[in-house]
Amino acid sequence: MLFGKFKGSVREGVPLAPYTWLQLGGPAKYLAEPADVDQLVEIVALASQEGISVRVLGGGSNVLVSDKGFDGLVLHLSAPCFEKISISDHSVHCGAGARLAHLITACVGHGLGGLEHLVGIPGSVGGALRSNSSTDEGDIGSLLTQATLLTRKGERIVVPAKDANFSHRRSSLDELVILDATFNLHPGDIRQLTKREQTFWIVKRSKQPNYPARSALAFVDLDGVSAVELLQRSGVNGLIEGNTQLNSSYPNYITANTGATADQVIQLLERAKKIVFEKTGFSLQPHLVVW
């Protein structure tokens with residue numbers, strides 16, 4: 001086996017569906033769950049040397065694996081070292097594998113504010129930074145001090161916030177892996193911050209369906225334009241393709257029912273996108289990244 005040196009950390013032919021929200025798609029040729037950063041660097045360097053395609057799988061909320069699977073190496077950073085959160089004064093340092101929800105709760109518990117408006121956004125800190133997760137209250141990039149990245153050749157680099165080029169739902173943090181990040185937050189009263197976090201959570205949930213398992217967000221908001229509004233104006237509520245469907249009341253959520261395939265999801269998104277463009281002139285961008 002090519003990755004025989006990493007027995008126990010790298011497996012072959014692993015189904016990826018259980019790692020994603022929609023629970024669809026085929027297997028990865030290799031799935032790596034490195035024990036620490038040093039082992040991650042070695043695995044990535046070997047993959048680069050052998051010309052193997054590499055992808056990173058975080059929380060799986062925005063990933064759609066094709067029915068054929070992925071003919072390469074998938075990195076899943078599930079070891080505790082990739083999720084560690086440490087707080088000193090106003091500075092918060094965390095592994096990019098940490099869940100965004102865990103980071104927010106930890107900060108609020110230490111009386112540090114600035115991130116609580118992002119509560120309810122799924123996924124990891126790394127994923128939030130890469131796509132610059134945001135609400136009307138602001139974006140995560142505005143609070144970043146610096147991030148450590150791992151290149152596709154296995155080299156570690158530190159990127160200060162000013163070089164991350166954050167914009168609406170985008171950043172230039174596009175190297176292979178975001179390893180860790182440091183944020184500068186502002187102090188506040190724990191009780192007030194907790195109440196603020198809870199209020200944002202309630203508002204967030206009021207805009208989401210009580211959707212079943214195997215559901216995910218379909219499209220991202222455009223700059224200043226709500227995807228939900230465009231979908232509702234276009235009348236695609238409840239749109240069906242095979243065994244997949246857009247929610248009838250909250251059309252920006254897609255559900256994969258029994259017998260669904262990744263191809264059906266792709267076709268449903270393409271149909272909805274086409275209808276919205278014909279009705280409104282806006283071109284929606286899928287939230288799901290197809291592998």
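Throughout, read-outs are computed from the coordinates displayed, never taken from laboratory work. As the structure is a computational prediction, the values presented were derived from the model and not from experiment. Note that we place each Cβ from the backbone using ideal geometry, even for glycine, and neighbour counts take in every protein chain shown.
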Give me the number: length gained by fully extending GLU270 to ASP89, i.e. 0.36 nm times residue separation minus the C-alpha to C-alpha distance, one decimal in nm. 60.4 nm
If amide hydrogens are placed 1.01 Å from N in the peptide plane, which non-local residues have theirs closer than 5 Å to the one on GLY72? LYS29, TYR30
Cα centroid separation, the stretch 252-272 to the stretch 70-102 (Å): 30
May I ask you to list the lysines whose Cα is less than 24 Å away from that of LYS29, ignoring any residue fewer than eight positions away on the same chain? LYS5, LYS7, LYS68, LYS153
Under a no-solvent Debye model with one identical scatterer per Cα of the stretch 51-122, what's log10 I(q)/I(0) at q = 0.24 Å⁻¹? -1.10
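Compute the Rg/Rh shape ratio of the chain: radius of gyration over Kirkwood radius, all on alpha-carbon atoms.
Values: Rg = 19.5 Å, Rh = 20.1 Å.
Answer for the chain: 0.97.
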Neighbour-count ranking for GLU116, GLU12 (other C-beta within 10 angstrom, fewest to most) reads GLU12, GLU116
Computed label-point distance, nm, for sites ASP136 and VAL203 using a 7 Å Cα→Cβ extension: 0.6
Here the convex hull volume per residue of the stretch 9-79, taken over Cα atoms and given in Å³, is 74
With x for Gly and Pro, the residue-by-residue ³J(HN,Hα) of the stretch 174-186, computed from phi through the Karplus equation 6.51 cos²θ - 1.76 cosθ + 1.60 at θ = phi - 60° and given in whole Hz, is 10, 5, 4, 10, 8, 7, 7, 8, 10, 10, 10, 10, 10
Taking 0.36 nm per residue of separation between ASP223 and ASN257 and subtracting their Cα-Cα distance, the length gained on full extension comes to 9.1 nm
Cα gyration tensor of the stretch 215-285 diagonalised, 5x eigenvalues square-rooted, in angstrom largest first, produces semi-axes 20, 11, 10
So if I place +1 on the C-beta of Lys and Arg and -1 on the C-beta of Asp and Glu, and nothing else carries charge, what would the dipole magnitude of the chain be about its Cα centre? I want it in debye, nearest 20. 480
